[in-house]
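The values are calculated or read from the model by the stated rules, or taken from the named source; none is laboratory data. Nothing here was measured: the structure is a model prediction, and the numbers come from that model. Neighbour counts run over all protein chains shown; Cβ positions are idealised from the backbone, glycine included.
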């Protein structure tokens, strides 16, 4: 329980840092910490040592990501309250700092919790995603992406040569459209219309709009721009990570469909610091091979394609397509690099 308390304190500290940096007059500092200082420390600490034994579930670990719902609520509530006092430049820098937390931490936590069977976990995942206007991700990620990963049918699996900006547009539009189809099919099987509150691809955006209206009532036009900007940046971070996780990797087509998902179809990045901050999300090959495993039991996959750094380092690289292609194309497995 001591370890759980420490982890929750660290999670809360990082989640609320944008408020501290704003108070100190440096609202842009969250971006510096995330995309400069963390990559430096990540490189210095390096990769994790090979695991000597099979990781086991830890009883307290279930509660650590759940705690982020409170931290994100406090962050957004405080941000809306302070928004009317901010000059335009401050507002933009602060919104990007907030979005770095709601996207980098909040969506990562939502991703972890949406895979769990517990209703509380899935409810928390939905709430976190509603705060960034991306509630349909719960549907599309579990029932869409994990089924179609590393195939042309999956909008969240980037083919070789596609830049991140085209990918983001494709993944956002394609992901929502497929989530709607999945929900419509689920409801049709029960004899219900897709235009029903039980359709989460319909209800989630409605709740996001309601939250946006509450923010405007509380903080005026600045709160509107703040909420929209932080949500947009959070989604950009999510989709850039999606881009990195499966870039250029493809499952072979067989006579009966596609080959089963294996560790070869996701990039791994077993770096100690960034994996600690991202709930082992970078052990992504094992996550796709065993998507029900909780974050603390995910294993490194040496047979998976290996990224040269963690996500905080590679996100800025991916946003510069020529730099990304030069870095990653030589590392593509031979059969994929020839596609």
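Worth pointing out:
- Being farther than 25 Å from residue 117 by Cα, more than 15 Å from the chain's Cα centre (by Cα), at pLDDT 95 or above and outside any helix (DSSP H, G or I) is a description that does not apply to residue 330.
- Check on residue 154, modelled with pLDDT of 95 or more, in a loop (DSSP other than H, G, I, E, B) and under 27 Å from residue 267 (Cβ atoms): yes
- Residue within segment 23-36 that is closer than 28 Å to residue 299 by Cβ, in contact (Cβ under 8 Å) with a residue 60 or more places away in the chain and touching a helix residue (DSSP H, G or I) at 6+ places or on another chain (Cβ under 8 Å) present: yes
- When residues of segment 1-39 are limited to those that are modelled with pLDDT of 95 or more and assigned to a loop (DSSP other than H, G, I, E, B), the one nearest to residue 79 (Cα to Cα): 27
- The lone criterion from (1) over 19 Å from residue 64 (Cβ atoms); (2) in a helix (DSSP H, G or I) left unmet by residue 287 is number (1).
Rundown of residues vs (1) touching a helix residue (DSSP H, G or I) at 6+ places or on another chain (Cβ under 9 Å); (2) assigned to a helix (DSSP H, G or I); (3) free of Cβ contacts under 8 Å to residues at least 24 places away in the same chain; (4) under 19 Å from residue 171 (Cβ atoms), yes/no style:
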site: 95; (1), (2), (3), (4): yes, yes, no, no
site: 122; (1), (2), (3), (4): yes, yes, yes, no
site: 141; (1), (2), (3), (4): yes, yes, no, yes
site: 144; (1), (2), (3), (4): yes, yes, no, yes
site: 147; (1), (2), (3), (4): no, yes, yes, yes
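- Number of positions in segment 44-74 that are more than 18 Å from residue 126 (Cβ to Cβ), in a helix (DSSP H, G or I) and in contact (Cβ under 8 Å) with a residue 60 or more places away in the chain: 3
- Selection status of residue 113, surrounded by 19 or more Cβ atoms within 10 Å (Cβ to Cβ) and over 12 Å from the mean Cα position of the chain (by Cα): no
- Among the residues listed as 160, 148, 166, the single one being more than 23 Å from residue 107 (Cβ to Cβ) and over 17 Å from the mean Cα position of the chain (by Cα): 160
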